[in-house]
Amino acid sequence: MGRRLQHACAWLGFVGLLFLHVDAWRAPSDTFRFGWLPDELGYRLVWVLLAWLYLLFVCGVIWPRESRRGGRE
Amino acid sequence: MTALQQVALLVAIYFVVVGAIGVVASRRSARSPEEYFLAGRGLGTVVLFMALFGTNCTSFVLIGIPGKAYDLGVGVFGLNAAIVALGVPLSFWLIGSPARTMAMRLSALTPAELYSKRLGSRRVGFLLFAFFTAYTIPYMVQGVKGASLVLSQASDGALSPGWAGFGVLFVVLLYTSLGGMRGTAWTNVFQGALFMLFMAFAFVFMARSLGGFAAAMQGAADVDPALLELDRTRGLFEPRKWASWGLVIATTVIAFPHMFARLMAAGSDEILRKVCRVYPIALVVLWVPAVLIGVWGRGAFPDLGADADRVFQLMVAEHMPPALAAFGFLAVLAAVMSTLDAQILTLSSMLLRDVLEPLGRELDPRTEVAVGRGFAWVIAAVVFGLSLVWGESVFDISRKSFEGYTTLVPTLFLALRWRRFSAGGAFASLVTGNAILACGWTLGARFPSFGFLPVFWAFVGATLAAWFGSILTPPADEAAVARAFGDG
């Protein structure tokens with residue numbers, strides 16, 4: 001993956017996560033998943049999982065390249 | 001053994017352990033200011049992670065968050081924890097990583113010293129020191145207040161909040177002044193493990209005591225079904241306020257000078273990256289129990305009203321085995337102390353390096369460490385005095401500190417990422433952001449915020465002022481900029 005594409009992915013991921021965080025389009029729900037997990041909490045936990053995957057990408061691809069260029073390694 | 005004796009014994013053991021860690025660390029930390037204030041810039045992955053996480057988590061998480069979840073429900077997780085899980089690691093990359101390298105290049109030991117040298121302006125250092133101190137002292141006060149209340153409650157009132165606060169500060173000072181950064185980082189490993197393990201155990205035991213996860217949730221739903229959903233018409237859940245608070249809670253952490261100093265002590269960029277990979281998981285492990293204990297507590301104790309902050313202690317006392325419940329207040333104590341030590345160390349180092357030395361007081365390295373220790377005691381005395389007279393709630397005090405720190409972020413970021421950023425830009429940004437925030441606090445509902453929190457406009461104002469200020473004022477000396485960015 002080229003540097004431009006990596007940066008495009010990073011920006012796209014960041015904006016996507018912000019959009020999913022400020023989720024004004026979602027209707028309130030009082031249902032449970034697995035009989036005990038409120039929908040709202042389940043949604044946030046999935047969001048954190050996506051954020052974590054995003055961070056793995058940043059920490060594994062973007063950050064090391066930037067550190068090498070900036071003489072930080 | 002009575003409950004009071006049990007509490008006294010546990011506190012004594014806990015204090016002996018952290019004191020012993022401080023003594024062991026002191027054998028390695030008194031050699032030079034760099035060793036004392038930044039642990040020789042060599043913290044490894046585990047110690048750095050626990051030091052950062054322990055510093056990040058205070059009574060705000062263990063008392064304030066269950067209290068908020070008691071009132072507002074599971075939405076508190078999305079409001080705070082989720083965006084922090086993304087924002088904090090990103091800020092470690094965007095600000096922490098270049099700050100660590102630049103601080104090494106410029107031989108800076110404190111956050112304010114780093115920016116003063118990068119921008120070639122002692123006045124910027126003074127101003128940053130002033131804002132860091134102005135927002136850190138109240139944050140320390142809320143920690144002492146929270147710990148002293150819990151300790152006083154645990155002793156059934158035998159220990160007054162004043163004496164409890166004094167005891168907490170005294171022990172923190174002991175190991176901080178002995179062991180410096182290395183001492184506080186090592187104690188944070190012990191303290192962080194203590195409060196994370198306790199929360200995990202508390203989560204499971206409380207659910208079992210309430211009849212299982214489903215029954216615990218149903219108990220809360222029976223009292224108020226809105227606790228389990230996100231009502232976008234309520235307070236900070238309203239979309240524009242939600243977005244504003246997300247900005248605050250995601251960016252404020254990097255502007256804590258005590259967190260910033262720990263990032264400067266990281267051994268390498270790779271170590272920082274490892275910390276970032278683990279951070280979101282640790283946040284979930286700590287915050288999910290904190291929020292759900294508050295929500296379940298609403299079902300178990302529906303009439304707490306304005307005393308919602310007591311829900312954590314009540315749930316521990318009622319729904320944990322007695323032998324484990326005694327550790328509940330130790331967990332709070334550990335969370336508070338792991339933040340207080342870092343705050344005391346960082347403020348004392350800034351007082352020394354950013355105020356005393358620029359005023360012409362050149363000290364030899366040993367005297368510098370000794371004076372740093374003396375300043376730590378002075379700062380603790382001020383915090384103790386304020387904790388006795390400050391009347392606001394723990395959450396309100398924390399919130400003002402968080403909003404204040406957020407106004408510093410544009411300066412902290414741009415100075416590391418934009419070569420043209422100047423001392424004039426930093427001045428304009430810091431003054432504008434804080435002036436807007438002060439207006440918001442003073443005017444309250446009369447502030448024209450268009451649905452956002454005033455801190456959102458303070459952040460926007462600080463960013464614009466940084467840009468205009470830098471364009472309209474002379475750049476920093478090119479040689480100094482080149483040295484900071486490692487050219488050649």
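The values are calculated or read from the model by the stated rules, or taken from the named source; none is laboratory data. Since the structure is predicted, the reported quantities are computational estimates derived from the model, not experimental observations. Here the Cβ is made from the backbone with ideal geometry for all residues, glycine too, and neighbour counts use every protein chain on show. Protein only, heavy atoms only, side chains kept; ligands, DNA and RNA dropped before computing areas. Shrake-Rupley method; radii C 1.70, N 1.55, O 1.52, S 1.80 Å.
Figures for the structure shown
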| read-out | value |
| --- | --- |
| In the range A:33-69, residue surrounded by the fewest Cβ atoms within 10 Å (Cβ to Cβ) [restricted to those that are small (Gly, Ala, Ser) and touching a helix residue (DSSP H, G or I) at 6+ places or on another chain (Cβ under 7 Å)] | A:Gly35 |
| The one condition in (1) away from chain A (no Cβ under 12 Å); (2) in a helix (DSSP H, G or I); (3) without any contact (Cβ under 8 Å) to a residue 24 or more places away in the chain that B:Asp303 fails to fulfil | (2) |
| Pick from the range B:473-488, criterion out of contact with any Gly (no Cβ under 7 Å at 6 or more places or on another chain) and not in a loop (DSSP other than H, G, I, E, B), ranking: nearest to the other protein chains (Cβ to nearest Cβ) | B:Phe485 |
| Helices (runs of 4 or more DSSP H) within the range B:322-440 that include 3 or more residues of a type in the set (A, V, I, L, M, F, W, C) and more than 30 Å from B:Phe205 (Cβ to Cβ) | B:322-350, B:365-389, B:409-417 |
| Inter-residue pairs, beta-carbon under 6 Å, first over 19 Å from B:Leu408 (Cα atoms) and open to solvent by 20 Å² or more (accessible area, probe 1.4 Å) and in the range B:465-479, second in a helix (DSSP H, G or I) and not β-branched (Val, Ile, Thr), 6+ apart | B:Thr473/B:Gly424 |
| B:Val84 being within 14 Å of another protein chain (Cβ to nearest Cβ), within 30 Å of B:Asp303 (Cβ to Cβ) and β-branched (Val, Ile, Thr) | no |
| Enumeration of residues in the range B:212-236 that are open to solvent by 40 Å² or more (accessible area, probe 1.4 Å), of a type outside the set (D, E, K, R) and either closer than 13 Å to A:Phe32 by Cα or away from chain A (no Cβ under 11 Å) (or both) | B:Phe213, B:Ala214, B:Ala215, B:Gln218, B:Val223, B:Pro225, B:Gly235 |
| Flag if B:Val168 is open to solvent by 10 Å² or more (accessible area, probe 1.4 Å) and either modelled with pLDDT of 85 or more or facing chain A (nearest Cβ under 10 Å) (or both) | no |
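So that you can scan it fast, the table gives a plain yes or no per residue for (1) at pLDDT 95 or above; (2) under 28 Å from B:Trp242 (Cα atoms); (3) not in a helix (DSSP H, G or I):
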| position | (1), (2), (3) |
| --- | --- |
| B:Val84 | no, yes, no |
| B:Gly87 | yes, yes, no |
| B:Phe92 | yes, yes, no |
| B:Ala99 | yes, no, no |
| B:Leu109 | no, no, yes |
| B:Lys117 | no, no, no |
| B:Thr133 | no, yes, no |
| B:Ser152 | no, no, no |
